[in-house]
Protein chains: 2
Amino acid sequence: MTMTDTPVVDNGINLQALLDARDALGADPAAAQFQWRTACTWRSGTHSHHTVHTFEGLGSRQSHNQVFAFDVDHPECFASEDHGPTPVEYVLVGLAGCLTAGVAAVAQMRGIQLRSVTATLEGEMDVRGVLGADNDVRNGFSAINVTFTIDADATPDEIAALVAQSQKRSAVYDVVTNPTNVTVEVR
Amino acid sequence: MTMTDTPVVDNGINLQALLDARDALGADPAAAQFQWRTACTWRSGTHSHHTVHTFEGLGSRQSHNQVFAFDVDHPECFASEDHGPTPVEYVLVGLAGCLTAGVAAVAQMRGIQLRSVTATLEGEMDVRGVLGADNDVRNGFSAINVTFTIDADATPDEIAALVAQSQKRSAVYDVVTNPTNVTVEVR
């Protein structure tokens, strides 16, 4: 026997577990129904406090290994106290995290070793919408631009393909680029 | 002169500043163009680190009063290390914070004193989408349910109207319920 020079690709992704989950949940749709949750308490003004802890999935209640807590606020230039990022910045964090996790998972699947991945996100917004100054201006982002810089053992085309596949499977990319039904009730 | 019994409504919202901003930015659309930003660094696997600090608006670079930092990850039941909430939970935090800030601002505008506002958000997701187990299942939320509990000096109808008006002016509600164009490039 001779030693073959097969590089070991390790992006910190447990690929076998993902493939097993795909097979198992593909055969058991009920277990694939997840419910993600947050709880929010208003503090004062535009400041609110949020916790993320439990969720439903795999047929039972699941938990994060700690209670994650966050503050949301508006900045001082809007006469607020800036106790945390704005709501829209949280959306950008979610989008960045989703696309980046996808890049790592797809790279692992394709045998590509990542060395570094960074991204900047820019969300354009005309705030005349939220201020009610112009009803023709939408409240949300007019556009979002994501720019990745990736150092990996791969060609530029292979790297571009990683990012494209990540977009194709990204939950938050889907949420942002397509409409989702939201019901709001008061109890 | 007699003292009138006018209750002082204080929800921590600087109403005059908001009205002034609406007038000023309504008359100066260039100043109303904001750009919100985040920066992301991949750590390992599905774990990434994010910072939120500067943004553009009012015709110049603005800053939060600190660098806000966040970790995004997947939970242990997905064979990840759970260093932070999932990307989709960040979206729920943003939605909750946006609607809640709106409730406070609208209440101030309408002279309604809030005593407490809490909300729970539930995002339903069939994870066969993101796992690639079924191409007919979308990657994002199939639905989001928001439930507010509000204690205020107001009738149930007035409280329901507060929430409805907050939805009408919410940036993140718009982002989630309507499509936004996202461009992704690799440099």
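Bear in mind these aren't lab numbers, they're just calculated from the coordinates by the rules spelled out. Computed from a predicted model, the values in this text were never measured in an experiment. Counting neighbours? That spans all protein chains shown, and the Cβs are built from the backbone with ideal geometry, glycine included.
Remarks
- The stretch B:8-94: C-alpha gyration tensor shape, a/c 1.5 cut-off, then a/b vs b/c: prolate
- Pairwise label distance in nanometres, A:ASP157 with A:SER63, each label 7 Å out on the Cα-Cβ vector: 5.1 nm
- The mean number of partner chain beta-carbon atoms within 10 angstrom of a residue's beta-carbon across peptide B:73-81 is 6.
- Extending 7 Å from the Cα toward the beta-carbon at both B:LYS168 and A:VAL8 defines two label points whose distance is 6.2 nm.
- Bins of 20 Å from zero: percent of alpha-carbon pairs in the protein assembly as shown: 29, 54, 14, 2, 0, 0
- Averaged over the residues of B:12-19, the number of partner chain Cβ atoms lying within 10 Å of the residue Cβ comes to 4.
- Rel. contact order, % - alpha carbon contacts under 8 angstrom, at least six apart, chain B: 16 percent
- Distance in nm between pseudo-label sites at B:ASP134 and A:ASP136 (7 Å out along the Cβ direction from Cα): 4.4 nm
- With label points defined 7 Å past Cα in the direction of Cβ, position B:THR147 shows copy-to-copy spacings of 4.4 nm, given to one decimal and shortest first.
- Computed [θ] at 222 nm, deg cm²/dmol, chain A (DSSP H ≥ 4; -39,500 (n - 2.57); rounded to nearest 500): -9500 deg cm²/dmol
- Using the Cβ of B:ALA17 as centre and a radius below 13 Å, the other residues enclosed give a net charge of -3, where K and R count +1 and D and E count -1.
- Each copy carries a label point for A:ARG187 at 7 Å from Cα along the beta-carbon vector; from one copy to the others these points are 4.7 nm apart, nearest first.
- Hydrodynamic radius by Kirkwood, which averages 1/r over all alpha carbon pairs of chain B, in angstrom: 19.8 Å
- Inter-chain neighbour count for B:47-58: the average number of beta-carbon atoms from partner chains within 10 Å of each residue's beta-carbon is 5.
- Plainly put, the tip 7 Å out from Cα toward Cβ on B:ASP28 is 6.0 nm from that tip on each other copy, the closest given first.
- Of the DSSP H helices in chain B, those whose Cα atoms cover at least 20 Å axially and whose Kyte score averages 0.0 or more: B:87-109
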